[in-house]
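The values are calculated or read from the model by the stated rules, or taken from the named source; none is laboratory data. In this text the structure is predicted, and so the values were computed from the model without any measurement. Cβ atoms come from the backbone with ideal geometry, glycine included; neighbour counts cover every protein chain shown.
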Amino acid sequence: MYKKTVSNLDKYSNCGNETSPNPSFVRRGVAEPSVPASAAGCRCNNNSVHLAKGDHRGLTAKKVYTYAIVETNEGWVAVAGRDGKVSSIRMPAANRELAFDKLRAGIDGELVESNHGFEELARQLKNYFAGRRTEFTFEPDLDGLTEFQQKILRTTMTVPYGSIVSYRRIAEQSGHPGAYRAAGQALGRNPVPVAIPCHRVVASGGKLGGFTGGIGWKVKLLGLEGVRL
């Protein structure tokens, strides 16, 4: 069985003056800000990770992500987020344990299981893999990526459902004509495949190019969207 991963720092737990993230991962106009735990009515439980004020000596704080595992027509999809943004979406796995393993391998931080805040994203993923949804409405967490990489990924977000464009075109639309190889490398850093549709970007001359989830998934996703290769 996969298991919830809670920081070994939780023995220092104290709601005191910590900040409690507002767990809203789907954009409804503007992402909601974090609010002080004291104002939000902090509720500590086994899924909470807090550091008591003054107890940080000799400790290196890690980023804390909440996650959920969603069952879709194509398998189990693990998602994670923080600060109201979606930080990771993994391609479907055969079971929950494998889905968690995929997520764990790509996250540098602590993972805390919580379905709260992922309800709308879960619905969108289920509908997409069932062929009933053409777009996603949430803010991706692109922290840690370069400005160029973020430009490439945000340009890729505009590629319509059921269509394909070339790496060269994405580079041009991002304001970096000629940087199509670097564009392909940036897409390889995509933390939320499917939602940022890098599977819709192909090489010139009809070649598929790469995909973080594997070429098989790229073909399957394009087929789901009605693209004939």
Just checking, how many residues over segment 203-229 are without any contact (Cβ under 8 Å) to a residue 40 or more places away in the chain and either on the phi > 0 side of the Ramachandran plot or surrounded by 20 or more Cβ atoms within 10 Å (Cβ to Cβ) (or both)?
5
Output the residue which, of all residues in segment 137-154 that are crowded, with 19+ Cβ neighbours inside 10 Å and more than 21 Å from VAL165 (Cβ to Cβ), is nearest to the chain's Cα centre (by Cα).
ASP141
Could you pull out the residue among GLN185, GLN150 that is in contact with a Leu (Cβ under 6 Å, 6 or more places away or on another chain) and either of a type outside the set (Asp, Glu) or not assigned by TED's automatic domain parsing to the domain that holds LEU121 (or both)?
GLN150
For PRO191, which of the numbered conditions (1) in a loop (DSSP other than H, G, I, E, B); (2) surrounded by fewer than 17 Cβ atoms within 10 Å (Cβ to Cβ) fails to hold?
(2)
Restricting attention to segment 120-175, which residues are assigned to a loop (DSSP other than H, G, I, E, B), farther than 20 Å from SER87 by Cβ and of a type in the set (Ser, Thr, Tyr)?
THR134, THR158, TYR161, SER163, SER174
Meets criteria (in contact with a Pro (Cβ under 9 Å, 6 or more places away or on another chain), within 17 Å of ILE196 (Cα to Cα), without any contact (Cβ under 8 Å) to a residue 40 or more places away in the chain and not acidic (Asp, Glu)) for GLY144:
yes
Check on LEU103, without any contact (Cβ under 8 Å) to a residue 60 or more places away in the chain and touching a Leu at 6+ places or on another chain (Cβ under 8 Å):
yes
If I filter segment 166-187 for residues that are closer than 25 Å to ALA130 by Cα, loosely packed, with under 13 Cβ neighbours inside 10 Å and modelled with pLDDT of 95 or more, do I get at least one hit?
no
Test GLY205 against the stated conditions and say whether it is in a loop (DSSP other than H, G, I, E, B) and of a type outside the set (Lys, Arg).
no
Can you find even one residue in segment 114-127 that is of a type outside the set (Val, Ile, Thr), touching a helix residue (DSSP H, G or I) at 6+ places or on another chain (Cβ under 7 Å) and more than 19 Å from PHE211 (Cβ to Cβ)?
no
